[in-house]
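I have placed the structure first, in the form of structure tokens, so that the comments after it can refer back to it.
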Amino acid sequence: MKGGGFKMRVVEGLDSLEGPFERAVVTIGNFDGVHKGHQALFARVKEKAREIGGTAVAVTFEPHPAKVLHPNTPAPPRITLYEQKAELIAANGIDALVCIPFSMVFAALGAMAFLKDILIHRIGMKAIVVGRDYTFGKHREGNVDFLEKHAQELGFEVICEPWVDTVPGHGRISSTTVRKTVMAGDVAVAFDLLGRYYQVRGTVVSGRGRGGSALGFPTANIALTDELCPANGVYAVTVEYGGRRLKGVANIGYSPTFEDHLFTVEVHIFDFAEQITGQRIRVNFIERLRDEKKFSGIDELKRQIAVDAAEARRILA
């Protein structure tokens, strides 16, 4: 990590580059989730940049290439949207993030043109850090062998990082693995893959007015910004708001006891009475408590919420 005054440089679009970086050490990817596998790449980039007195550079793309290349096929939900992805990359101590707008024109760029014109001439690449399965360029014609073949003549070094293993039974760490665990509600496993708790962000909106009045547990209903939501159920959570980290319990789902079939993400924040409708908050999922279930009525639901809140307090203590 960099010092407290460190600020990553963000370059959005190649036309915003003022010139090549000083001895750029580059890694390239979508970096969806910025999981431990990505973090290993960033660590190696920083290490190499220190060795040669260079600049640690991450190159990414927006929108996700799958949305451009296959517009009629639903793309997998993103683990981290661009705002959070950039924050997490900065937190990993990368000096500069270059975000290239992904389009069909860019997708048609050949591997050699991408290597010579963009990475070497425009970004100033002296070393590239990638995983063994990395591909790039039109029809994925560029790969590690391609890079190694041209490294000497073009004056750069290729560093191939091994895959990062993960918790038993989940294979190597990948964005696909993270996505599956979050969608299954396995937020504890997601923590192991990400190195942090899975987080969603959104704006607090007016709910159905039941949490405080009917149930005695006022809730913040969230209109999600994020695409990926954990499985329906009840979770112990922390909430980031106003520079504070608060504790609470969240319910995701359709509130089957009330049979109104509306999907909601709502959080009861412990010992909190502020009016935050219209404010943006961040919710970190710490542990899954139970499935969502239908209760016989409001009284049974109130008793269960009290049990859930007590269990969440115990976990978060």
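Starting from the stretch 114-137, keep only residues that are within 20 Å of ILE52 (Cβ to Cβ), then list their pairs with residues that are outside any helix (DSSP H, G or I) and among the aromatic types (Phe, Trp, Tyr) whose Cβ atoms are within a distance under 7 Å, requiring at least 6 positions of separation or different chains.
ILE120/PHE156; ILE123/PHE21; GLY124/PHE21; MET125/PHE156; LYS126/PHE156; ALA127/PHE156; ILE128/PHE156
With the condition kept exactly as written, say whether any residue in the stretch 67-82 is more than 18 Å from the chain's Cα centre (by Cα), in the same structural domain as GLY124 (by TED's automatic domain parsing) and closer than 28 Å to ILE281 by Cβ.
The answer is yes; a qualifying residue exists.
Any residue that is surrounded by fewer than 17 Cβ atoms within 10 Å (Cβ to Cβ), aromatic (Phe, Trp, Tyr), modelled with pLDDT of 90 or more and under 29 Å from ILE281 (Cβ atoms) - is there at least one of those in the stretch 57-66?
no
Please verify whether the stretch 8-17 includes one or more residues that are within 12 Å of VAL98 (Cα to Cα), basic (Lys, Arg) and under 25 Å from the mean Cα position of the chain (by Cα).
Yes: the stretch 8-17 contains one or more residues that are within 12 Å of VAL98 (Cα to Cα), basic (Lys, Arg) and under 25 Å from the mean Cα position of the chain (by Cα).
Among the residues of the stretch 164-179, is there at least one that is under 30 Å from VAL283 (Cβ atoms) and among the basic types (Lys, Arg)?
yes
Residue-by-condition table, conditions (1) touching a Cys at 6+ places or on another chain (Cβ under 7 Å); (2) among the hydroxyl-bearing types (Ser, Thr, Tyr); (3) under 27 Å from LEU154 (Cβ atoms); (4) not in a loop (DSSP other than H, G, I, E, B):
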position: GLY19; (1), (2), (3), (4): no, no, yes, no
position: LYS48; (1), (2), (3), (4): no, no, yes, yes
position: THR73; (1), (2), (3), (4): no, yes, no, no
position: ILE118; (1), (2), (3), (4): no, no, yes, yes
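Which of the residues belonging to the stretch 200-217 are surrounded by 17 or more Cβ atoms within 10 Å (Cβ to Cβ) and modelled with pLDDT of 85 or more?
VAL200, ARG201, GLY202, VAL204
Please find, within the stretch 86-106, the residue that is farthest from PHE42 (Cα to Cα) out of those that are assigned to a loop (DSSP other than H, G, I, E, B) and more than 15 Å from the chain's Cα centre (by Cα).
SER103
Of the numbered conditions (1) surrounded by 13 or more Cβ atoms within 10 Å (Cβ to Cβ); (2) modelled with pLDDT of 85 or more, ALA310 fails exactly one; give the number of that condition.
Here ALA310 clears every test but (1).
Only one of (1) in a helix (DSSP H, G or I); (2) under 20 Å from LEU14 (Cα atoms) fails for PHE146. Which number is that?
So PHE146 meets the others, but not (2).
Answer yes or no: is there a residue in the stretch 99-111 that is more than 13 Å from HIS35 (Cβ to Cβ), surrounded by fewer than 14 Cβ atoms within 10 Å (Cβ to Cβ) and touching a Leu at 6+ places or on another chain (Cβ under 9 Å). Before you say what the answer is, go through the steps one by one.
The initial filter retains those residues of the stretch 99-111 that are more than 13 Å from HIS35 (Cβ to Cβ), namely 99-111.
Those left that are additionally surrounded by fewer than 14 Cβ atoms within 10 Å (Cβ to Cβ): 103-105, 108.
Narrowing further to those that are touching a Leu at 6+ places or on another chain (Cβ under 9 Å): 104.
Checked the stretch 99-111: at least one residue is more than 13 Å from HIS35 (Cβ to Cβ), surrounded by fewer than 14 Cβ atoms within 10 Å (Cβ to Cβ) and touching a Leu at 6+ places or on another chain (Cβ under 9 Å).
Out of the residues in the stretch 123-178 meeting the condition of being hydroxyl-bearing (Ser, Thr, Tyr) and in contact with a helix residue (DSSP H, G or I) (Cβ under 9 Å, 6 or more places away or on another chain), tell me which one is nearest to ARG44 (Cα to Cα).
If we take residues in the stretch 123-178 being hydroxyl-bearing (Ser, Thr, Tyr) and in contact with a helix residue (DSSP H, G or I) (Cβ under 9 Å, 6 or more places away or on another chain), then TYR134 is nearest to ARG44 (Cα to Cα).
Rundown of residues vs (1) over 21 Å from TYR198 (Cα atoms); (2) surrounded by 16 or more Cβ atoms within 10 Å (Cβ to Cβ), yes/no style:
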| residue | (1), (2) |
| --- | --- |
| ARG44 | yes, yes |
| GLU51 | yes, no |
| GLY54 | yes, yes |
| VAL68 | yes, yes |
| ALA91 | no, yes |
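Return the residue satisfying two criteria in turn: it lies in the stretch 268-317 and is of a type in the set (Val, Ile, Thr) and in contact with a strand residue (DSSP E or B) (Cβ under 6 Å, 6 or more places away or on another chain), and of such residues it is nearest to ARG196 (Cα to Cα).
Looking at residues that are of a type in the set (Val, Ile, Thr) and in contact with a strand residue (DSSP E or B) (Cβ under 6 Å, 6 or more places away or on another chain), I get ILE286.
The values are calculated or read from the model by the stated rules, or taken from the named source; none is laboratory data. Note that the structure is predicted; figures quoted are calculated from it, not measured. Cβ sites come from the backbone with ideal geometry, for glycine too, and all protein chains shown count toward neighbours.
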